[in-house]
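Engineer: First the structure, which I've put down as structure tokens, then a few questions once you've had a look.
The values are calculated or read from the model by the stated rules, or taken from the named source; none is laboratory data. Everything numeric here is computed off the predicted structure, so don't read it as measured data. Methodologically, a virtual Cβ is constructed for each residue, glycine included, from the backbone with ideal geometry; neighbour enumeration extends over all protein chains shown. We work out accessible area using only protein heavy atoms, side chains counted, and drop any ligands, DNA or RNA first. Shrake-Rupley method; radii C 1.70, N 1.55, O 1.52, S 1.80 Å.
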Amino acid sequence: MSPEDAPATGELRAVSADEAADVVEEIATDAAESPRERLLIALDVDGTILLEDETYSPGVIDAVADAQRAGHEVMLATGRSWEGTRHVLEGLALTPEYVVCSNGAVILRRTGPAGSTAYERFHTEEFDATEVLTLLRDHLPTARYMVELPDGRRLYTDRMDEWNVSRADRVPFEELSAHPVSRVVVVSEKGTDQDFLDLVSRIGLNEVSYAVGWSAWLDIAPQGVDKATGLEMVRRWLGVAPSNVVVIGDGRNDIGMFRWARAHGGRAIAMGQGPDEVTSEASELTASVTEGGVTAVLKAL
């Protein structure tokens, strides 16, 4: 029965048995249709949302807005510190309940209602980096080092254009390990990502988790901590089913969250420009960041 043929509210109308059967069938069909389920969509930042020049991937701002309007929880899961992440959220007009930063070592929580841009450090991992820093400096004496402290402050040995040094202080190398840290970053301009992979294999980093970037960039977190551990906590706090998780990334530090999502029935989507060792861990492949890969995924949800 079409809306035009339906009786007015409060009105009774006699119909034939066939018409009544059709109405009952329509009601049963509508009831059988599952409502659209809320997804937890975790997006990497560099190489996924942002291009190398810090501009946004084509169409991603509108695609994120559409996904939010559809009722999905869109959030960021990045290796960046909070200081390097907040402006990305602002550019996306995105205010998720949680943000995973520092490769899972730091989780921020929104302190106000939906739409608020105020966040607090809600969960932080930390470790003693003395042994790791000493070991690395023995092999990379000319590299640049930075640590992130549990309260968000950062200490660094040499300034780099790639580092946002707000709330950061330049200190002698020895001061980097004076306190427990949440994250260690090592940059060697004379090496390559393969050089770092070879170094890690040679010296061993048994008490930490590490990820090698697209350039000669080594990111170190407490042992057993990565984006997956942070996202699993967020998933539980939000009450989202594991199968309703979608993660998208392009780097070696995304491998953990790819494996986590796949193992629990979620979707792990790699950007088209990712290295083979990353794309092989994903369940799906989308276009590159320059071609709007994230936009394509979000528009197809």
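Engineer: What does the extension gain come out to for D53 and H139, with contour length at 0.36 nm per residue minus their alpha carbon separation?
Structural biologist: Taking 0.36 nm per residue and subtracting the Cα distance, the gain is 27.9 nm.
Engineer: Still on this structure: Sorted by packing (mean other beta-carbon atoms within 10 Å per residue), highest first, where do 174-186, 235-247 land?
Structural biologist: The peptides rank, most packed first, as 174-186, 235-247.
Engineer: Rounded, prolate or oblate: pick one for the stretch 84-206, where a ≥ b ≥ c are the square roots of the eigenvalues of its C-alpha gyration tensor, a/c under 1.5 means rounded, and failing that, prolate if a/b is larger than b/c, else oblate.
Structural biologist: Prolate.
Engineer: Let's test the formula: R0 of 45 Å, r as the Cβ-Cβ distance of R202 and A114. What FRET efficiency results, to the nearest 0.05?
Structural biologist: About 0.40, to the nearest 0.05.
Engineer: Further question on the same structure: Give the dimensionless ratio obtained when the Cα radius of gyration of the stretch 33-78 is divided by 2.2 N^0.38 Å.
Structural biologist: Compactness ratio reported: 1.31.
Engineer: Between rounded, prolate and oblate, where does the stretch 92-163 land on the alpha carbon gyration tensor, with a ≥ b ≥ c its root eigenvalues, rounded for a/c under 1.5, else prolate if a/b exceeds b/c?
Structural biologist: prolate
Engineer: Follow-up. Provide the per residue accessible area, probe 1.4 Å, for the stretch 246-301, rounded to a whole number of square angstrom.
Structural biologist: Spelled out: the 1.4 Å probe surface of the stretch 246-301, per residue, equals 40 Å².
Engineer: Considering only protein heavy atoms, what per residue accessible area in square angstrom results for the stretch 59-101 with a 1.4 angstrom probe?
Structural biologist: With all protein chains present, the stretch 59-101 gives 31 Å² per residue.
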